[in-house]
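Beneath this line is the structure, given in structure tokens, with notes to follow.
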Amino acid sequence: MSIKKDEKTHVYYNRGSKKGGGYLTGKYYSSKNRKNVTYRSSYELRFFHLLEEDDSVASYEVESIKIPYKDFDNKFKNYVPDVMILKTDGSIEVCEIKPEAMLDNGIVKRKAQACQAFFYKLLGKSDIQYSYRFVTEKHLFEDTSDYNMFLSVHSK
């Protein structure tokens, strides 16, 4: 899915329903993984749907690795990326699902840098290709009506 460059997209706040106000959460059965995976937002659920449809995706793991990083107080914390994807060509892609408005956050940037450094250290001298990317509402929904339609189908 793509958004026209001149179209302004805003954050869809992952609400489960208009009345409930809570995040859309639950279990989603992944045919590629042959198991249920947990989603913590409508963004994650939509991304799982897209992964299931993508022929270049062999499998994916949700919140499967912990990566140490230092916060702004210089204390070690663990970062758990949202999704690690194994592609059919053998490459690995790590994805963090975030609203576009959060990408300038210092901790978000620090976690992304730690993840990239971790995979460079782990796989840098191997033939395995790896990448890290943010997945935002611009990658997931055409527009607000697309988002609302998705919620109407998946909210209970």
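The values are calculated or read from the model by the stated rules, or taken from the named source; none is laboratory data. From a predicted model like this one, the values you see are computed outputs, not experimental measurements. Please note that ligands, DNA and RNA were not included when accessible areas were found on the heavy atoms of the full protein model with its side chains. Shrake-Rupley method; radii C 1.70, N 1.55, O 1.52, S 1.80 Å.
Rolling a 1.4 angstrom probe over the stretch 65-122 with all protein chains present gives an accessible area of which 52% lies on carbon and sulfur atoms.
Glu52 exposes around 40 Å² of accessible area when a 1.4 Å probe is run over every protein chain in place.
Share of pairwise Cα-Cα distances greater than 18 Å in the chain is 62 percent (whole percent). Using a Gaussian network model of the chain in which every pair of alpha carbons under 10 angstrom is joined by a spring, one finds that among Lys125, Lys32, Lys98 the greatest mean-square fluctuation is at Lys125.
Over 24 Å between C-alpha atoms is what I'm after, so list which of Lys35/Lys111; Lys66/Lys138; Lys77/Lys109; Lys87/Lys138; Lys77/Lys98; Lys66/Lys109 land there. Flagged as over cut-off: Lys35/Lys111; Lys66/Lys138.
In the context of the full set of protein chains, residues of the stretch 90-143 present 57 Å² of accessible surface per residue (probe radius 1.4 Å, heavy atoms only).
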